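Working notes for the structure below.
The values are calculated or read from the model by the stated rules, or taken from the named source; none is laboratory data. The shown structure was predicted, so the numbers you read here are calculated from the model rather than taken from an experiment. All Cβ positions, even for glycine, are placed from backbone atoms using ideal geometry, and neighbour counts span all protein chains on display.
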Amino acid sequence: MWAAVRDGSLDPRDYVRLVAQHGITEQHSSILTTIVDRALEALESFTPPRLRTPLRGELLDALHTGMLNAEAGSDAQLTLTRAFARLATKDGAHSRTIEELLSGSKKLPGLDLGSQLTWALWTAQTATAHATRSQLDQAHHADTSREGRLGYVRAVAAMPAEEAKAEAWKAITLGRLSNDELSATISGFQLAAPALLTTYEDTYFDSIRTWWDEHSMEIATRMIRGLYPRALDAEAASSAEENPTVLATQNWLNSNGTAPGALRRIMTELLDDARRALKLQAGVLAHQKR
């Protein structure tokens, strides 16, 4: 079924609904992880932006129900809670539940939140404007572990404010972060409404060669892949080739024929991924018009 989604013969929304209605009862942890990850990709990349909100709510509700009803201490319980936290960065409907989990007033039998999951929940609260910087500072003071540090960095970068995004961008581009801190900051930075991030798109394409020249291949790759514009919308242009992000990527490739092969390969792969997402979104829109 996932192959059918990717080749355009199955509406990605149908895949998301099937996972919401039936997939979350899967008990094999690796299978459950795979289908939930694919449902999130089908929702956030392959479904047109204006059609995502109700579908996102349906999947988030299903994940919430699934994690509450999962067998205590099971891998499924942990997988569903992680997925719930991940999707909750886009929808604050269950912020009260998350607040209760973080405060300890609500517990899931058999589930130890641990540092990683705790900070995933904090990031969800932050990204949906249900947590403040002072709350994050307090939580970080209580968790000085490595995972706590990375979670804090990501949550701060996820704050939905221009100042927070500017601070994150500066931290990312100064080149002083460790590999893991860099990835955490980029991840948090990308959690925002498109309007908050569009101002960085021109700077991104103008900076690619500089990043590649001034950083190690590992760091530069994380920056280039991680900061690539993700707010793809098939309705932003008449075709995928006219989409602003596709045009900007193709223009970069046309203007940087002498760039290192490894860098051009990264940009080509990003372009291919963008075209696929836009093509699948366009298929959904075309089906709606019939």
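Worth pointing out:
- Boolean, Leu80 is surrounded by fewer than 22 Cβ atoms within 10 Å (Cβ to Cβ) and not assigned by TED's automatic domain parsing to the domain that holds Ala236: no
- Residue match in segment 157-170 (condition: basic (Lys, Arg), within 22 Å of Thr126 (Cβ to Cβ) and surrounded by 15 or more Cβ atoms within 10 Å (Cβ to Cβ)): yes
- Residue match in segment 233-242 (condition: more than 22 Å from Gly188 (Cα to Cα), of a type in the set (D, E, K, R) and touching a Pro at 6+ places or on another chain (Cβ under 9 Å)): yes
- Which listed residue is surrounded by 19 or more Cβ atoms within 10 Å (Cβ to Cβ), without any contact (Cβ under 8 Å) to a residue 60 or more places away in the chain and among the aliphatic types (A, V, I, L, M), from Leu68, Leu111, Leu60: Leu60
- Screening Asp202 with (1) over 20 Å from the mean Cα position of the chain (by Cα); (2) surrounded by 19 or more Cβ atoms within 10 Å (Cβ to Cβ); (3) of a type in the set (D, E, K, R) gives one miss only, at (2).
- So Asp180, is it in contact with a helix residue (DSSP H, G or I) (Cβ under 6 Å, 6 or more places away or on another chain) and surrounded by fewer than 20 Cβ atoms within 10 Å (Cβ to Cβ): yes
- If the condition is being among the basic types (Lys, Arg), more than 20 Å from Val156 (Cβ to Cβ) and within 17 Å of the chain's Cα centre (by Cα), then segment 205-232 contributes only Arg225.
- Annotation note: of Glu235, Glu181, the sole residue that is closer than 27 Å to Trp2 by Cα and touching a Leu at 6+ places or on another chain (Cβ under 9 Å) is Glu235.
- Checking each residue in segment 233-282 for being over 21 Å from the mean Cα position of the chain (by Cα), surrounded by 14 or more Cβ atoms within 10 Å (Cβ to Cβ) and modelled with pLDDT under 95 picks out Ala237, Ala240.
- Checking the stated criteria, Ala286 turns out to be aliphatic (A, V, I, L, M), exposed (fewer than 13 other Cβ atoms within 10 Å of the Cβ) and more than 30 Å from Leu174 (Cα to Cα).
Matching residues to (1) modelled with pLDDT of 95 or more; (2) among the charged types (D, E, K, R); (3) under 15 Å from the mean Cα position of the chain (by Cα):
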| position | (1), (2), (3) |
| --- | --- |
| Ala158 | yes, no, yes |
| Ala164 | yes, no, no |
| Arg176 | no, yes, no |
| Ile186 | yes, no, yes |
| Pro194 | no, no, yes |
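- Screening Arg276 on (1) closer than 26 Å to Ala157 by Cα; (2) part of a helix (DSSP H, G or I) shows it passes everything except condition (1).
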